[in-house]
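To start, the structure under review is shown below, and the notes come after it.
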Amino acid sequence: MQEFRRFVRGPVGKVLLAAIILPFVISGFYGYFTGGGSDTTVAEVEGNKITRAYVNSRTQQLRQMLRQQSPDINESVLDSFIRPQMVLEGIVNEQLMIAAARNANMAFSDTQAARMIRSNPAFTDQGAFSESRFEQMVRAQGMTPQGYLDGLRQESISQQYRDAFASTDFALPGELAEQRRLGEQSRDIRYVRLDLNRLRGQAQVSDEEIQSYYDQNRDSFMRPEQMKVQYLVLSPEHYRDQVDVSEDQIKAEYEARRQMQQDGDTRRQVAHVLIAVNDDRDQDQAVARAREARQALEQGKSFAEVAREYSDDLATARSGGELGVVEPGTLPDELDDALNGLQVGQVSEPVVSDSGVHLLKLESESKPEMAPLSSMRDGIAADLRRSQSQALLSEDLVKLEELIYEHPNLDVPAEQLNLPLETTDWVSLQDLPAPLNNDRVRQALNSTAVREQEHNSDLLELGGDRYVAVRLKEIEKPEPLPLADVRDDIRAQLRLNKARDQAESLASEARTAVDDGADLDRVAELLGAQVDEEQGIQRGAAEPDMAVSDAAFATPRPADGESSDIRFVNLRNGDLVAFQVTAVADGNADPLPDGQQQQALQELARVEGERTFRQVMTFLRDSLDVDLHPQRLADGDAPQ
């Protein structure tokens, strides 16, 4: 098993897993196409229109799904990852599969779709399919039952088409052995590294060079526009000293909460036996069987035994018919009414509902207990202070909106509401202090009304019940920074430039020497570096650098006992590496234990099937009628 894990975790294994996952992300993941409509068409597949509104809707749904799965996900990451253009590609691929499946006379009947719906646990109530639950859940998704049925049929047809390619491939033991040989292969290298930082540290820059660079690039050393911003903030903290909560108020609130809890729902522990009404049993027969089950209880059998023997609700029958804790309103009205007439331990007479005939047992009954005032006092006081502050804030919010609109500055609004009027020091738009460091504030300061007409901004909501209004008091235009302020930056840039020029010259000299037959020791001498060795490098290794590892595995395998030719790699940080492969060790290609071998062959077969399927999708793109207009996605409002 360890060998198989190593294979899957290795670079080739990761590529195989990516090849399996990617097609699901690309093609079958985004839901169903709904043609027609008058909105802008962003694509057509075999004459079926895909609208911008539909793509944006699917994008929003997918983002919402990911938000639910990862509540802490960064919104900017979510927006950049789930883009309408990507979703459009998925919808187009889905439609290509559906069109190809229809051309191949593949079908999925309404009867089959209905059977899948009736067997879906999400649409069951008390162990049986509930039409009302199905319709409620479907409409909550913004669909009609017929639309859901059509979508299910389309999904099934496209999945059949995918499976025809992706699930029918196979892999041979020889292929797996070759994958493991290559995937677990390691290589030894000798290499020389030209360190750009070393050259930069050796570079010398004179004051004349700094002055010359400054004079030639003066526009690059501009201090950004500076501004002084007047602002006032309205938040709950402003009312902290205006709110006073008395002990009488705390006690009154406690009593109100206690009374509300006493009047609240009773929690009941309930068990049931369900006798289904179906093609083999009508309602009268179901009632008769329920009475038979109740008679078995009267004869001494336990409720759990009767549930296991008689109940058609398989989900609860194995656990003695336990439904768990339920509150009034959770069950259908008929069952609620029956429970209201039971004492703890009693079993009801047969009760008829839409899902069948029930016997109900009330196992326990309780009301939530209220914690003592002593443990709730601080929380209640905080809630009351927050509530009073919110009420005061709401009143002043309306006044402040009117005042900042009616007056040419913020002095009167601040005086009227007793708000502190603050003014920043000289700051740039991108370096606003904490109370104003918000994109809405930046947009307001950049607006024509505030910047050019010198008006107050609108009242801006910053979140957390915080509101701010701003106006520009003074503006200083951009101006060149003095040389003294940028001298160190210029020196660092000139040293880097000199280091790069020197590295390029040394690299050119080393490449020429290699072309003339120089060995790696001579290259090290020319580059002023030493020869190092790295043994057992695997694909994608981070040492000495991933680019070097990739280049080493792209180098033709040398003969045993010999070294490859010398190759050069430019690294992203500016370093240069010259290397040669000195040895190659293949991975273990011996068969795995039977179970692992079979699992690995199935995995490789899936990869080959997905590769075949991607080729089929490319063929469909080329052969079917596809017309894309992705630029139109930007014309409408993208989902937020």
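Points worth noting:
- Filter result for ILE117 (within 24 Å of ARG632 (Cα to Cα) and surrounded by 12 or more Cβ atoms within 10 Å (Cβ to Cβ)): no
- When the range 101-123 is limited to residues that are at pLDDT below 80 and of a type in the set (Ser, Thr, Tyr), the one that is farthest from VAL273 (Cα to Cα) turns out to be SER109.
- Scanning the range 361-370 turns up at least one residue that is in a loop (DSSP other than H, G, I, E, B), of a type in the set (A, V, I, L, M, F, W, C) and surrounded by 13 or more Cβ atoms within 10 Å (Cβ to Cβ).
- Tally of residues being under 14 Å from PHE568 (Cα atoms) and part of a loop (DSSP other than H, G, I, E, B) across the range 513-532: 2
- In the range 531-550, the qualifying residues are those that are under 32 Å from the mean Cα position of the chain (by Cα) and of a type outside the set (A, V, I, L, M), and the one that is nearest to ALA585 (Cα to Cα) is GLN538.
- Single residue of ALA605, ALA547, ALA510 found to be in a helix (DSSP H, G or I) and either on the phi > 0 side of the Ramachandran plot or surrounded by fewer than 16 Cβ atoms within 10 Å (Cβ to Cβ) (or both): ALA547
- The range 124-137: number of residues that are within 20 Å of HIS272 (Cβ to Cβ) and either at pLDDT 80 or above or surrounded by 15 or more Cβ atoms within 10 Å (Cβ to Cβ) (or both): 8
- Hits in the range 609-627 (condition: closer than 15 Å to ARG102 by Cβ and surrounded by fewer than 17 Cβ atoms within 10 Å (Cβ to Cβ)): SER623, LEU624, ASP625
- Just so you know, in the range 31-66 the residues that are in contact with a Pro (Cβ under 9 Å, 6 or more places away or on another chain) and among the aliphatic types (A, V, I, L, M) include one that is modelled with the lowest pLDDT, and it is VAL55.
- Search result, residues across the range 138-163 that are buried (at least 16 other Cβ atoms within 10 Å of the Cβ), free of Cβ contacts under 8 Å to residues at least 40 places away in the same chain and outside any loop (DSSP other than H, G, I, E, B): VAL138, TYR148, LEU149, LEU152
- Pairs where the first residue, in the range 457-470, is free of Cβ contacts under 8 Å to residues at least 40 places away in the same chain and the second is aromatic (Phe, Trp, Tyr), C-beta under 6 Å, 6+ apart: GLU461/TYR467
- Test result for GLN185, buried (at least 19 other Cβ atoms within 10 Å of the Cβ), touching a residue at least 24 places away in the same chain (Cβ under 8 Å), within 30 Å of GLN598 (Cα to Cα) and in contact with a strand residue (DSSP E or B) (Cβ under 7 Å, 6 or more places away or on another chain): yes
- Whichever residue in the range 194-219 is within 40 Å of the chain's Cα centre (by Cα) and surrounded by 14 or more Cβ atoms within 10 Å (Cβ to Cβ) and, among such residues, is nearest to GLN430 (Cα to Cα): LEU196
- Residue count, the range 574-602 (criterion: in a helix (DSSP H, G or I) and among the polar types (S, T, N, Q)): 5
- Which listed residue, of ASN418, ASN446, ASN438, is surrounded by 14 or more Cβ atoms within 10 Å (Cβ to Cβ) and farther than 30 Å from ASP575 by Cβ: ASN438
- Count of the range 282-334 residues which are assigned to a strand (DSSP E or B), touching a strand residue (DSSP E or B) at 6+ places or on another chain (Cβ under 6 Å) and not hydrophobic (A, V, I, L, M, F, W, C): 1
- Pairs, first closer than 12 Å to VAL45 by Cα in the range 618-634, second among the acidic types (Asp, Glu), C-beta under 6 Å, six or more apart: LEU624/GLU46; ASP625/GLU46; ASP627/GLU44
- Some residue of the range 323-333 being on the phi < 0 side of the Ramachandran plot, at pLDDT below 90 and over 38 Å from the mean Cα position of the chain (by Cα): yes
- Of the residues PRO435, PRO408, PRO413, PRO420, the single one that is modelled with pLDDT of 90 or more, farther than 30 Å from ARG258 by Cβ and not in a loop (DSSP other than H, G, I, E, B) is PRO413.
- Scanning the range 58-88 for residues being over 9 Å from the mean Cα position of the chain (by Cα) and of a type in the set (Gly, Ala, Ser) gives a total of 2.
- Residue within the range 172-193 that is within 29 Å of the chain's Cα centre (by Cα), more than 30 Å from PHE568 (Cα to Cα) and part of a helix (DSSP H, G or I) present: no
The values are calculated or read from the model by the stated rules, or taken from the named source; none is laboratory data. Being a predicted model, the structure only gives us computed values, none of them experimental. Reconstructed Cβ throughout: ideal geometry from the backbone, glycine too, with neighbour counts over all protein chains shown.
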